[in-house]
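Each remark here refers to the structure printed beneath this line.
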Amino acid sequence: MTKRDPLSQAQKLEEKIKQMQNRQKHYIEKAQKEIGQYLMDTWDIEDIDQAKEVIDSLKGNAQQYFENESKDVQEKTEVLNENNG
């Protein structure tokens, strides 16, 4: 059995990391595109600037919604931990 060169192994790892980062970037871009298309289709909007205006006007509502969701999840988790603890 031959001993592997540590520098060669490091280079291979670096290549794999870059490949995975590229895959991650691809999946993020794909998700963003799908979300954007869904919004445009659902709201029947054809103009990008109009879509941005609608999104900006709903930003506060969305932030509040996600804060409430986060609190609900946290409270449920605490109740479960108390019951199991």
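Of all residues in the stretch 1-15, which are surrounded by 10 or more Cβ atoms within 10 Å (Cβ to Cβ) and among the polar types (S, T, N, Q)?
Gln9, Gln11 - these are the residues of the stretch 1-15 that are surrounded by 10 or more Cβ atoms within 10 Å (Cβ to Cβ) and among the polar types (S, T, N, Q).
Please state which of the following conditions Lys18 fails to meet, knowing it meets all the rest: (1) assigned to a helix (DSSP H, G or I); (2) modelled with pLDDT under 95; (3) surrounded by 10 or more Cβ atoms within 10 Å (Cβ to Cβ).
That leaves (2) as the condition not met.
Pairs, please: C-beta under 9 Å, at least 6 apart or cross-chain, first residue within 17 Å of Leu39 (Cβ to Cβ) and in the stretch 59-74, second not polar (S, T, N, Q)?
Pairs that qualify, where the first residue is within 17 Å of Leu39 (Cβ to Cβ) and the partner is not polar (S, T, N, Q), are Ala62/Ile55.
The values are calculated or read from the model by the stated rules, or taken from the named source; none is laboratory data. From a predicted model like this one, the values you see are computed outputs, not experimental measurements. A quick note on method: Cβ atoms are made from the backbone with ideal geometry, for glycine too, and the neighbour counts reach across all protein chains shown.
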